[in-house]
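Here it is, the structure, as C-alpha cells.
Where a number appears in this text, it was derived from the coordinates with a stated rule and is not lab data. Values in this document were obtained by computation on a predicted structure and should not be read as measured data. Cβ sites come from the backbone with ideal geometry, for glycine too, and all protein chains shown count toward neighbours.
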Ligand code: PMV
C-alpha cells in the first residue's frame, strides 16, 4: 500500500518566535500565516521491510529519520494501536530550493502527517494532524490548512494546540515575492535560534508582550483585506522578532547586506505609492507582499537589485491533501 500527499510552505505575517514549553513545542506568541501555492512538497508512505526516509532522492539517517518516525509513532499511538507499527519507506521531494528560505519543514511535516494518517488508516482529521505536526515544527501545524491560518500561543503543559483556518485562499489575492539573497543554508536553525533568544535576549520579554497586539492588528487587516492596515504590523512583527534575536548572546544576525538593501527598496516603492511591505524569517531572504495587480511592477524592481539572485512569486494556496496512491 502507498499513500501520497502534498503540502505547501507558509509564510508568517505575524511571526512565531519563542517556545513557552520546549518539550511540547508550545509557541509563546500567536502567529498568522498564509499558505503558498506554487511550491510543493510531495511525500509518499509505503510498506517496507525496514523504516527509511529519502529526501530529494537522498537517503536520510539520524535526526531527519528520527523526526519522521516520531510522527508515525505518534499517529499509531493516537489511533489506539498497541501492536508493532508497520515498517515504512517515506519519500519526500520539494519542488522548491531549500535555500529559498521557505520553511521546508512546514510543508514536509504537513505532507507527512496527511500521507501517514492515510497509510496507517488513523483518520484523525485535520485539527488532530495539525496538533501533531505542530509538535514537530510549529509552522507545520499551520501548513495543514490553506489560505490564511492562525496558531495561538499556548500555556506551558498544554498538549492540545492546533492551528485553525482564518480565511480561504480565495479571500485575498495577495502575492508573496521571495527575494533570494544567497544560495547558502542558514547558519542557525529556528529551534536553536529561538531557544538562544529565549535564554539570553534581554528583549525577549518585550517581544512576547508586544506580539499579541501586533498579531491582532495583522488579523484584523487580513479579515478586512485592508493592505494599508497590514503594512505596519507585518513589518513590525518581523523587525521586532529580529531585534530580539539580534540581542541574544551571541547575537543572531540572520541578515546579509542585500537583506537591508531590499528592505530599503521596498520602503522606497511604498513612498512612490505602491502598496508593498516586507517580512523576513530566520534567514537573509526577504519576502515581499503586494496585491496581485502590482506583482510585476514590484518583482521587476526587486529582481534588478544588486545582490538579489532571483525572485520567486507565490499566491495563497490550499492546505495539505492526499493526491492518490495505490
Ligand atoms: O516552526 P519553525 O520551528 O520552523 O519556526 C518558524 C519560525 C519563523 O519562520 C521564523 C516564523 C514563523 O512563524 O514561521
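State the extension gain, in nm to one decimal, for the chain segment bounded by residue 82 and residue 268, taking 0.36 nm per residue of separation less the distance between their alpha-carbons.
Value of the extension gain: 61.0 nm.
Here's a follow-up. Please order 277, 244 by the number of other Cβ within 10 Å, starting at the fewest.
Fewest to most other Cβ atoms nearby, the residues stand as 277, 244.
Can you tell me what share of the DSSP beta bridges in the chain is antiparallel? A percent to the nearest 5 is fine.
90
How big is the equivalent ellipsoid of the stretch 35-154 along its three axes, where each semi-axis is √(5λ) from the Cα gyration tensor, reported in whole Å from largest to smallest?
Each semi-axis is the square root of five times an eigenvalue, giving 22, 19, 11 Å.
Which order do 22, 270 fall in if you start with the one that has the fewest other Cβ atoms within 10 Å?
Going from sparsest to densest Cβ surroundings: 22, 270.
Sorting 255, 207, 17 on the 10 Å Cβ count, fewest up front, what's the list?
255, 207, 17
Fully extended, how many nm does the chain gain between residue 183 and residue 310 (0.36 nm per residue separation, minus their Cα-Cα distance)?
Length gained, residue 183 through residue 310: 44.7 nm.
Please compute one quarter of the surface area of the Cα convex hull for the chain and express it in square nanometres.
The Cα convex hull of the chain, projected and averaged over all directions, gives 15.9 nm².
How much mean residue ellipticity at 222 nm does the chain get from its helices, if each DSSP H run of length 4 or more adds -39500 (n - 2.57) and you divide by all residues, to the nearest 500 deg cm²/dmol?
-12500 deg cm²/dmol
What FRET efficiency do you get for residue 171 and residue 48 if R0 is 25 Å and r is their Cβ-Cβ distance, rounded to the nearest 0.05?
0.05
Using R₀ = 25 Å, calculate the FRET efficiency as 1/(1 + (r/R₀)^6) where r is the Cβ-Cβ separation of residue 191 and residue 155; round to 0.05.
Calculated transfer efficiency: 0.80.
Also, quick follow-up: Give the shape of the stretch 174-316 as rounded, prolate or oblate, defined through the alpha-carbon gyration tensor: a ≥ b ≥ c are the square roots of its eigenvalues, a/c under 1.5 means rounded, and otherwise the shape is prolate if a/b is larger than b/c and oblate if not.
Oblate, since a/c reaches 1.5 and b/c is not below a/b.
Taking 0.36 nm per residue of separation and subtracting the Cα-Cα distance, what length does fully extending residue 256 through residue 225 add?
My answer for the length gained is 8.0 nm.
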